[in-house]
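The block underneath contains the structure these notes are about, expressed in structure tokens.
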Amino acid sequence: MALPIGDSGLAKAAVIALPLGLLYVFYTYIVYPLFLSPLRNIPTAHWSCAVSSIWIDYQRRGFAQAVELLRAAHERHGPIIRLSPYEVSVSSMEAAKKVYIERGGYPKPKWWAAFFSTYGVINGSSMIGGHGDKMHAVRKRDHGNVYSKSTVVSSDEVKTLGKELLPDLLAIIDSKVAKEEGVLDMFKPNGAVGVDFTSAYIYGRPSGTHFLRDLSAGVHWFRHADNWFKQRGGPTEAKESLKWMEGWGLRSANGSEKEATLEKGLAPVQRQLSSRGLAGKDLASELLDHVLAGAEGPRVVLTYLEWELSRNPSIQSRLRKELPRDIDTIASDIKALDSLPMLEAVLVETMRCHTPFPGAMYREAPAEGTTLHDYFIPGGTQISASLGIFHYNRDVFEKPEEWNPDRWLTGDQEKLSMMRNWFWAFSKGSRTCTGKDFILIVMKMAIAAIYSQYCTRVVDDSGMEPEDHVSAAPVGESLVLKFERVQE
Ligand code: HEM
């Protein structure tokens, strides 16, 4: 067909541009990744990963983590595999040390900071969202020792929280024992434990949540937290729920300030960050990140731990033997609680076997590039290890699929130190979980309080298989147990 006069210049340009464009696409998406990229010799998880991210994007649809698929791919191909032309996964401790630990580890990808944006603050510096540069390091210093183990075990605030909240938790169980033959679904109370303790430590008890007193208020709160964190119900709901959470977070931070003017003093975390000059949206955003980061883990861990104890009565009674009988002692002598070997073993084994966040912990190769397992990895390449893969390494954990707390009670120090090396439930290095020592104590308090007073067995554990998501919570979000008072 003849081209209209006047369009001939355009046509000529198109005749030149089209093949050039095609050449560019051919070079970028075929020639470079297959024949020139430094990553070209790394084995691929799927043949298409050499030229496209379609396979891994598909496996990760809806925030799935594909840990099983990646584990199988590592078993087939070794400790480093390509997931796309610009992304690799590693499964060895040698690579993990380099990526996460040595010299502060590699930075998080920039999209991470944008995802954790609250109050319109792009969290380039915040603990959870920060990219991993100097800004993040300064923010980390601003936290001081507020979450450190030495602070938490000797904190009067944590002791007071234990004395107030553990009786609330036991009251929920007591009321079921009195009225409904002791049958209770523990998923919601477990969520309430995590968020009541965490929000009180952050904002102060009056401004934190009180879900152990009113579980139905917790249902509403967690619906919004899940809509945002787990992106339930689609992007519109996630946006609305984030707005709702921001409103709640601001009210809590302001409430905490008001308490302080009544000379009751600010709560530990808000006090620490305010003293370093954080204020307004920056402060509200940092604090809300902590609550959201801390809301999910404990309900997953406590639910799986109660499930395992309910299925293993002999371990349950061995645990009970070492627990103080009295709630006041559990809450006030935190150092003693923290040194109980069986309590430590059941908790760590649960977090190994039912890793709450088992998927990829994303990082980026530094600008100058790096070398992993003798392959050069160019700067900007996305690198990750999946925590669930570490925890099921057969060379480290015998029969990894078995929940066996005794593996942590071995006298073989070499074995123990190797297992500790491979225990990554809180990640490691400069980006390790900020709240880990705090929440470990909280979970120990809750388990000690329950099992010093009650025996449990399973009534209904349908739906305990883990969701394939950022959080591996039981798909049924429910665990029905029968509670019986321990006979004196
Ligand atoms: C069982 C409970 C918890 C688990 C399993 C858990 C797990 C994790 C993991 C795996 C990371 C590292 C992510 C990465 O390397 O990319 C992390 C980071 C973080 N967690 Fe936790 N967490 C828990 C509870 C908490 C609590 C209670 C808080 C706050 C009070 C908290 C605050 C944070 C923060 C602020 C970060 C970001 C640290 C940084 O990037 O520098 N977490 N957590």
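Assorted remarks:
- Pick from the stretch 432-467, criterion in contact with a Pro (Cβ under 9 Å, 6 or more places away or on another chain) and among the charged types (D, E, K, R), ranking: surrounded by the fewest Cβ atoms within 10 Å (Cβ to Cβ): Glu465
- The residues of the stretch 186-220 that are aromatic (Phe, Trp, Tyr), touching a residue at least 40 places away in the same chain (Cβ under 8 Å) and more than 18 Å from Gly435 (Cα to Cα) amount to a single one, Phe187.
- Of the residues contained in the stretch 372-386, none is found to be touching a residue at least 12 places away in the same chain (Cβ under 8 Å), touching a helix residue (DSSP H, G or I) at 6+ places or on another chain (Cβ under 8 Å) and either in a helix (DSSP H, G or I) or more than 19 Å from Ala45 (Cα to Cα) (or both).
- Counting only helices (runs of 4 or more DSSP H) that sit completely within the stretch 120-227, those holding 3 or more residues that are surrounded by 20 or more Cβ atoms within 10 Å (Cβ to Cβ) correspond to 156-179, 187-203.
- Which numbered condition Pro324 fails, given (1) without any contact (Cβ under 8 Å) to a residue 60 or more places away in the chain; (2) touching an Asp or Glu at 6+ places or on another chain (Cβ under 8 Å); (3) surrounded by fewer than 18 Cβ atoms within 10 Å (Cβ to Cβ): (1)
- Residue in the stretch 21-73 that is nearest to Tyr392 (Cα to Cα), counting only those that are touching a residue at least 40 places away in the same chain (Cβ under 8 Å) and hydrophobic (A, V, I, L, M, F, W, C): Val67
- Conditions (1) in a helix (DSSP H, G or I); (2) within 16 Å of the ligand (Cβ to nearest atom): number failed by Lys415: (2)
- Listed by position, the helices (runs of 4 or more DSSP H) contained in the stretch 259-352 that have at least 1 residues being away from the ligand (no atom under 16 Å from the Cβ) and among the aliphatic types (A, V, I, L, M) are 280-311, 313-322, 327-332, 334-338.
- Residue in the stretch 46-64 that is under 24 Å from the mean Cα position of the chain (by Cα) and in a loop (DSSP other than H, G, I, E, B) present: yes
- Answer from Tyr362, Tyr375 - the residue that is surrounded by fewer than 20 Cβ atoms within 10 Å (Cβ to Cβ), modelled with pLDDT of 95 or more, aromatic (Phe, Trp, Tyr) and within 16 Å of the ligand (Cβ to nearest atom): Tyr362
- Among the residues of the stretch 440-457, the ones that are in a helix (DSSP H, G or I) and basic (Lys, Arg) come to 1 in all.
- Taken as a whole, the condition of being within 25 Å of Ala360 (Cβ to Cβ), modelled with pLDDT of 95 or more and out of contact with any strand residue (DSSP E or B) (no Cβ under 9 Å at 6 or more places or on another chain) applies to Asp395.
- Test set (1) assigned to a loop (DSSP other than H, G, I, E, B); (2) closer than 30 Å to Lys321 by Cα - Ala472 fails condition number: (2)
- For the stretch 418-443, filtering for residues that are more than 10 Å from the ligand (Cβ to nearest atom) and farther than 17 Å from Val396 by Cβ leaves 1.
- Residues satisfying the stated conditions in the stretch 91-137, i.e. aliphatic (A, V, I, L, M) and within 12 Å of the ligand (Cβ to nearest atom): Ala96, Val99, Ile101, Ala113, Met127, Ile128, Met135, Ala137
- Hits in the stretch 228-250 (condition: part of a helix (DSSP H, G or I), without any contact (Cβ under 8 Å) to a residue 60 or more places away in the chain and small (Gly, Ala, Ser)): Gly234, Ala238, Ser241, Gly247
The values are calculated or read from the model by the stated rules, or taken from the named source; none is laboratory data. Only a predicted model underlies this, so the values are computations on that prediction, with no experimental measurement involved. Positions of Cβ are backbone-derived with ideal geometry, glycine not excepted, and every protein chain shown enters the neighbour counts.
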